[in-house]
1. Normalised by the residues of segment 271-342, what does the relative contact order come to in percent, with Cα pairs under 8 Å and at least six apart?
2. Which order do the peptides 289-297, 308-316 take when ranked by the mean count of other beta-carbon atoms within 10 Å per residue, highest first?
3. Please give the FRET efficiency for E341 paired with W208, using the beta carbon to beta carbon distance and R0 = 22 Å, rounded to the nearest 0.05.
4. Going by how many other beta carbons lie within 10 Å of each one, how would you line up L171, L321, L298, fewest first?
5. Rounded to the nearest 0.05, what FRET efficiency do K107 and T80 have when you use their Cβ-Cβ distance and R0 = 41 Å?
6. Sorting S367, S354 on the 10 Å Cβ count, fewest up front, what's the list?
7. Given K214/K311; K107/K362; K194/K214; K135/K355; K117/K166; K202/K270, which pairs have Cα atoms separated by over 30 Å?
8. Sticking with the crude label model, points 7 Å out along Cα→Cβ, report the distance from F62 to T274 in nm, one decimal please.
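Rule-based calculations on the coordinates, nothing more; no lab input. These numbers were taken from a predicted model, which means no experiment stands behind them. Ideal geometry is used to build each Cβ from the backbone, glycine not excepted, and the neighbour counts take in all protein chains shown.
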Amino acid sequence: MVKTPVGLLVLGVLALSLFYNVGVMLGNTVADLNMHVNNNNGALSPGDNHDRLSYEVPQYTFPTVEERFEYYMGSWYNKTDWKITDCPSMVKIDNIPEDAMSSLGHKDHIFSLATLKACTHIKSGYCGEAYEILKQGSNDGGDNTLAMFRFGDTHTSYTKLPVVSKSRPALKINQHSPIIWPLHMKRHYDPIEKYDNLVKEKGNEIPWEDKESKVFWRGSTTGDRVQQLNHWLQYDANIIDIGFDHIQPVYFEDVDFYGRYLESHHVRPKTQITEMSKYKYLLSVEGNDVATGLKWSLYTNSVVLMSSPTKATWAMEDLLLPFVHYIPLEHDYSNLLEMLEWAEQHQEACQEISKRATDYVKQIWLSKQAQIDYDILRKRLATAYVDQFQQQLSQCGESGPSIVRGVVDKTTNKMFTWMG
């Protein structure tokens, strides 16, 4: 019998992170698989023959606080040689009025602690959380403590600046990416707590054997979802029920017909989490950044099907392992039916994957230890940022002909910049 370790799928990530003690668990074969491992893209492709191949689940260890701290800092971990010469023209934000966050999104800006505090009333969730974290790193609690942020769903894929963001591209070799802080958390983590309170704690979770054997997904048309899911929109809904519950008009400004067509034929009513959890197989699809519903989907006793994450946040999505935490799909979702058939033939394996995914979410967020680690990491990330970058950042946006300063006009909510 030929053995194909799943560890090969994630060798690059594991070598970078050093967060997992990956080894084959002797005698822990959970399923047989009529497929070959495709090492080029980390997905699965049909086998050239129908010989039964087996795989074994790698031994998995959740990362320690120290390992997570290094992960969130990324390429900026213990970096002390960053100089002002790497600081290009930057906008330093002096004031943010109500509803002006859209003017700041998708760009890198320098914020002082005082500015973040003044904009905590904005409902976006970024200012308040950034303020609460940054003040823990302030040596004297001074309002002039500075940090460089990119708020919003987009992220900088390559930067020579110590930018803090809620997301970044999946780990890559020799790539300078943003530092991850836990920002805009309510949108992603409130559903987990809601499901825990309404379902798990009350003993209302539907047993696996009573769930419907169907792939289910609802979401908006953000990212490349229309192209990725187009093939499955009109598939047999008794097997694969995929539909949009919201059409983002901005994506169809130049193709009005297609937007109206999607809305007429493929929009479904919004579905509550408790309703979605009655299905065995929950599809997860990235939008503008990580899939908003991924964390609660992992927490349920259903199993998640998704392609390997290309983006990561506080949940360290790019460290989730195929067949350990989810059932892997090709990035174009072309093998969705094939992997559904595999899941149907390996029910015990699916339940084991679901249990490990649930444990992962507990360790990230729900357990008492998770909250202790959360507080420790916020403090360490803030302190490290101030210690490493405060002195140099204080010179950015302050002087020199190449420096740009900015302020938001209170009447128009538009950003005005000028040479300093």
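1. For segment 271-342, the relative contact order is 25 percent.
2. Peptide ranking by packing, descending: 289-297, 308-316.
3. Efficiency for this residue pair is about 0.80.
4. Fewest-to-most ranking of L171, L321, L298: L171, L321, L298.
5. 0.95
6. Listed from fewest to most nearby Cβ atoms, that is S367, S354.
7. From K214/K311; K107/K362; K194/K214; K135/K355; K117/K166; K202/K270, over 30 Å: K107/K362; K135/K355.
8. 2.7
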